[in-house]
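Remarks on the structure that follows.
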Amino acid sequence: QTATPAAKVSRYNSEAKVVRAIMYYHMMMAYNTCPLVLKTIPPSDTEGLKKGDATRDEIYTAMIADLEEAIKNTNFPWEKDIKDAEKGHVGQGTARTILTYYYLTRGWEKNSKSDFEQAKKYAKEIIDMGGFKFEPALLDAYYKDFSTESIFELAGSNISVGLGSKTTPWFVPLTAPAGQDKKYYGGWYKMAMTQY
């Protein structure tokens, strides 16, 4: 059964909001705060391009609202229902996972029992409805493409050296430490964390 154009637009809108929420989470963890841009700023808008940092509360509020809207979207599937040819798309499990991260992080920062309860609720939904399961061989969880344990995976390659995370080309290249062989540093695959 083919989705209608409106259903596809609805699904892609949810996917985009989830990916944006993932990126904002990483930016908050790496930089503490950052500008919150929810609409395109045209290059001609010189004042808009100088937008200052939002507060962490503003970012939490916007991203949690986007994620909660996405999980209510009936056109936005669970990863288990995504066809093999579309593997790599985000789905309901990814949305709930990043939403769990937001609630856990804000809960820790604000000592908020209600945020911890929300995190628990969404994590339980992933376990109960996500279709994920443990790989019989432990290393398959790390090295098998789109393993049964993988909630969201960016497909990529690091063929030139054959090492590193599959997402390394997607992130900023990592500089090899002094004295280390540069061929082993294909990309930055871990986000540096702040005190938060």
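At a glance:
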{"read-out": "Selected residue [of a type outside the set (Asp, Glu), open to solvent by 100 Å² or more (accessible area, probe 1.4 Å) and either modelled with pLDDT under 90 or more than 14 Å from GLY93 (Cα to Cα) (or both)] from LEU139, LEU154", "value": "LEU139"}
{"read-out": "Failed item, numbered, when THR94 is tested on (1) open to solvent by 90 Å² or more (accessible area, probe 1.4 Å); (2) in contact with a helix residue (DSSP H, G or I) (Cβ under 9 Å, 6 or more places away or on another chain); (3) among the polar types (S, T, N, Q)", "value": "(1)"}
{"read-out": "Hits in region 72-98 - residues which are without any contact (Cβ under 8 Å) to a residue 60 or more places away in the chain and not in a loop (DSSP other than H, G, I, E, B)", "value": "LYS80, ASP81, ASP84, ALA85, GLU86, GLN92, GLY93, ARG96, THR97"}
{"read-out": "The one condition in (1) closer than 23 Å to VAL19 by Cβ; (2) assigned to a loop (DSSP other than H, G, I, E, B) that GLU135 fails to fulfil", "value": "(1)"}
{"read-out": "Test for ILE126: is it assigned to a loop (DSSP other than H, G, I, E, B), among the β-branched types (Val, Ile, Thr), in contact with a Ser or Thr (Cβ under 9 Å, 6 or more places away or on another chain) and at pLDDT 80 or above", "value": "no"}
{"read-out": "Given (1) open to solvent by 60 Å² or more (accessible area, probe 1.4 Å); (2) within 29 Å of LYS8 (Cβ to Cβ); (3) hydroxyl-bearing (Ser, Thr, Tyr), number of the condition SER114 does not satisfy", "value": "(2)"}
{"read-out": "Close pairs from region 1-27: first open to solvent by 60 Å² or more (accessible area, probe 1.4 Å), partner outside any helix (DSSP H, G or I) and hydroxyl-bearing (Ser, Thr, Tyr), Cβ under 9 Å, at least 6 apart", "value": "MET27/THR33"}
{"read-out": "Residues (small (Gly, Ala, Ser) and open to solvent by less than 60 Å² (accessible area, probe 1.4 Å)) located in region 28-57", "value": "ALA30, GLY48, GLY52, ALA54"}
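The values are calculated or read from the model by the stated rules, or taken from the named source; none is laboratory data. Computed from a predicted structure; not experimentally measured. Backbone-built Cβ (ideal geometry, glycine too); neighbour counts: all protein chains shown. Heavy atoms of the whole protein, side chains included, go into the accessibility calculation; ligands, DNA and RNA do not. Shrake-Rupley method; radii C 1.70, N 1.55, O 1.52, S 1.80 Å.
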